[in-house]
Amino acid sequence: MSFKHLKASLASAASAAPLPVPADTKPEFLGGTAPSKALLSGAVKRVEDAEARAAALQAELDQRPPAELALELLDSVPGRRRQLTAEAYAELRENLRVNPLVHPIAVRPKPDGRYEVVSGENRLQAYRDMGRATIPVTVLQLAEEQVERAAFFANLITQELSDYERWQGFKREQEATGMSQSELARLAGVSDQLVSDLFAFSRLPKEALAEIGAHPQRIGVKLVKELARLSGGERDDRVVEAVRLVIQGELKQQQAVAHARAVPRAPKATASARRILAGRFKFAERRAMGSSVRVDFAVEGVDMAKAIERIDALLQDMAAEALKDSVRS
């Protein structure tokens with residue numbers, strides 16, 4: 001639970017159990033009727049007291065050194081570890097090899113005496129890779145339904161998630177609670193616009209989301225917002241192709257929108273040709289391209305009227321066959 005939410009909980013509790021107001025203390029004038037002035041004054045006092053108690057509790061927690069737990073007692077949850085590039089993970093591991101762990105990982109106790117990792121999976125994996133025996137931890141007392149939320153918001157607050165992973169976290173929270181996007185924004189302490197932008201991912205084609213899910217660090221929400229406007233119609237294939245090319249490094253993000261918006265050119269018609277022989281000699285050549293056919297005679301003295309008559313007869317026969325086919329269908 002974050003400090004902000006702790007303060008909110010304490011303020012709520014204080015409101016439920018009002019503190020007594022000394023008899024000789026006059027409520028501060030806040031406007032309105034006398035009863036409303038007293039109620040508002042008391043509410044302000046209770047909130048101030050709650051904030052003071054929350055600050056004192058936070059100061060006490062800050063003074064407590066983190067506990068050290070054996071790595072063999074820690075259980076990871078599949079899917080909770082955020083994705084890092086190979087370079088980012090190598091940098092994290094090297095940093096932890098030469099420096100102390102400034103931010104302990106968060107865990108919660110399990111009934112069997114072991115501990116479930118809430119956040120800090122990459123730091124824990126780095127410690128495992130380096131052969132460390134113990135790691136600093138902060139032990140949280142969380143109910144089952146609070147764990148995923150705590151893991152998500154821990155990474156959200158530290159800005160360690162990709163835009164795709166942020167959207168995934170908000171999406172899971174919305175599915176679990178039924179909250180609106182505005183309510184999610186207030187819960188996370190971020191702007192409505194940020195949450196609205198992140199939900200642009202949901203308007204991309206499924207194939208594009210699958211590509212991004214495999215490489216979440218390579219596509220940002222700015223590009224996703226533009227591609228989402230082109231999705232849901234005949235350009236879906238182009239959107240998927242643009243995402244794939246960006247991830248593969250063949251297209252820059254600023255070029256992807258133009259690529260998705262462009263109308264693909266129709267394939268150019270290919271020409272075919274055939275030589276008609278009279279024995280060993282070339283009599284004529286037939287060329288075809290698209291819906292056109294051309295015949296060039298290679299000898300002199302050809303009866304052109306007769307050739308045209310035969311071509312017309314052939315075309316008439318083909319027209320009669322096409323009419324029969326259309327009647328049957």
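Please treat every number below as a calculation from the coordinates, not as lab data. These numbers were taken from a predicted model, which means no experiment stands behind them. Neighbour counts run over all protein chains shown; Cβ positions are idealised from the backbone, glycine included.
Just for segment 169-184: of the residues that are crowded, with 18+ Cβ neighbours inside 10 Å and in contact (Cβ under 8 Å) with a residue 24 or more places away in the chain, which one is nearest to Lys252 (Cα to Cα)? Give the derivation first.
Applying the first criterion (crowded, with 18+ Cβ neighbours inside 10 Å) to segment 169-184 yields 169-170, 173, 184.
Those still in the list that are in contact (Cβ under 8 Å) with a residue 24 or more places away in the chain too: 170, 173.
Working: Phe170: 28, Glu173: 32 Å.
By that ranking, first place goes to Phe170.
Taking the criterion of being part of a helix (DSSP H, G or I), among the basic types (Lys, Arg) and in contact with a strand residue (DSSP E or B) (Cβ under 6 Å, 6 or more places away or on another chain), would at least one residue in segment 104-126 satisfy it? Reasoning before the result, please.
Quick first cut of segment 104-126, residues part of a helix (DSSP H, G or I) only: 121-126.
Narrowing the set further to residues that are among the basic types (Lys, Arg) leaves 123.
Now narrow it down to the ones that are in contact with a strand residue (DSSP E or B) (Cβ under 6 Å, 6 or more places away or on another chain): 123.
Checking segment 104-126: at least one residue is part of a helix (DSSP H, G or I), among the basic types (Lys, Arg) and in contact with a strand residue (DSSP E or B) (Cβ under 6 Å, 6 or more places away or on another chain).
Hand me the list of helices (runs of 4 or more DSSP H) wholly inside segment 185-280 holding 2 or more residues that are more than 19 Å from the chain's Cα centre (by Cα) and either touching a residue at least 12 places away in the same chain (Cβ under 8 Å) or surrounded by 11 or more Cβ atoms within 10 Å (Cβ to Cβ) (or both). Don't jump to the end; show me each part of the working.
Values: elements: 192-198, 206-214, 221-229, 236-247, 253-261.
Of the helices (runs of 4 or more DSSP H) lying wholly inside segment 185-280, those with at least 2 residues that are more than 19 Å from the chain's Cα centre (by Cα) and either touching a residue at least 12 places away in the same chain (Cβ under 8 Å) or surrounded by 11 or more Cβ atoms within 10 Å (Cβ to Cβ) (or both) span 253-261.
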